[in-house]
Structures are given as structure tokens and as C-alpha cells.
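The values are calculated or read from the model by the stated rules, or taken from the named source; none is laboratory data. Being a predicted model, the structure only gives us computed values, none of them experimental. For neighbour counting, all protein chains shown are included, and Cβ atoms are generated from backbone atoms with ideal geometry for every residue, glycine included.
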Amino acid sequence: MQWMLAVDTCGAEGGVAVAHDGEVVARRSLPGRETQERLMLAVRECLAEVGIAVSELDLLAVMTGPGSFTGVRIGLAAVKGLAEGLGIPVVGVSRLGLMAQLAGGGAVAWLDAGRGDVYAGGNGLPEAMFSRAEAEALGGRVVVGEEVLRGAGEWVGLPDIVALVRTAYESAAKGEFSDVALLDANYLRIPDAEVALRARS
């Protein structure tokens, strides 16, 4: 694999990067509130910066969540569309799994889910949403990367676009790709409208 496009729209600030043989050669930040308007423009800017066409990409990488419902959906939809249109493979990467990996293994990563809840996953724990008390009862080594959770575990920070690129290249080198048809956003917390709909049915 030579040319990769990586997209992360999960957090308050996402990013887009073009990488060559595992090294980022162009990148743009995506402020969360501008993701929908800026995403494809940022992709075009990165490709233009390195002088390649979208048809020359060999691999796509995308952060699958957890994150904001709108942000995760926008990034994933864009990458899936490109994958199907270009006929190239995709590597989907979980933010929780990547945080746990960056911590050196044996860790459970936490992300803030709002309302006193956390998303937790890693070290063999299936990714899910827990109340803070439930998550604390799980025990084990906890790593965090958001100010709101500082002090709840070891600080590792949030994975950036460079970490996504490196992890995706490692997976691609081992032939570990995502099935585009099955690749789905990981919201973990379902939208309030869906909660209300389920309550009525």
C-alpha cells in the first residue's frame, strides 16, 4: 500500500490526512461544527497538496467512533462512498481500541458519554456505555484522554490522525481490512429520538 486517505470525524476536532507508506504528508483539521461543510474540501486540499488524484489512492482509513452521532456518520459515509466508488480497501479503527493500544496494552479506555456516563472498551471488554459507577466497578487499568475525565485514570490523550494512519497501515500490512458492507458507525449511545420511539412501541 502506498497512498492512504484517513478520516476522523468523531470528536470536537477531527482531521483528514493523506499518507504515503505510513507517513503523513498532508493534513487538515476539521472543527466539529464545520465537519459537514469542510470534509470533502479538506480531502481535496490534501490531495492537491501532494499532487495526486483521488483515483490514485490505495487505501482508506476511518475512525468509527464512539463519538457524536452526526460527526461519526458523516465521516463513515464519505469513506464508504469513496471505497465503493474507487474499489479500494478500508480499515475501520475504534477510538477506544486505539486509546487502549496506545497505552501499551492491558488497559480499558474511557470516553465521556455525557450525563455522567462513559464509553468503555479495550483489554477484552466489549465496547459499551456504562454509568460512571458501573465502569468503576469493572476495575482494571483505566486510561483517559479528555479533560472532563482527567483524574479518572492514566492520561493518554485522544488519538490523533497520525495514530489512525499508523494503526491502519499496520492492519493493512497484515491483510486485516474492514468489510465495507458491514462497516458501521459506533455511536454506543442511541439518539434520544430513537429512545422515545422504542418507548412508544
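Structural remarks
- Flag if Ala152 is in contact with a strand residue (DSSP E or B) (Cβ under 8 Å, 6 or more places away or on another chain) and in a loop (DSSP other than H, G, I, E, B): yes
- Residues being touching a helix residue (DSSP H, G or I) at 6+ places or on another chain (Cβ under 8 Å) and of a type in the set (Phe, Trp, Tyr) - total across region 156-177: 1
- Of the residues making up region 122-132, at least one is assigned to a strand (DSSP E or B) and crowded, with 22+ Cβ neighbours inside 10 Å.
- Residues that are surrounded by fewer than 24 Cβ atoms within 10 Å (Cβ to Cβ), under 15 Å from Leu182 (Cα atoms), touching a residue at least 12 places away in the same chain (Cβ under 8 Å) and among the polar types (S, T, N, Q) do occur in region 94-104, at least one of them.
- Residue count for region 24-59 under the criterion of being at pLDDT 95 or above, farther than 18 Å from Lys80 by Cα and of a type outside the set (A, V, I, L, M): the result is 6.
- Restricting attention to region 46-61, the residues being in contact with a strand residue (DSSP E or B) (Cβ under 9 Å, 6 or more places away or on another chain) and either part of a loop (DSSP other than H, G, I, E, B) or without any contact (Cβ under 8 Å) to a residue 60 or more places away in the chain (or both) number 11.
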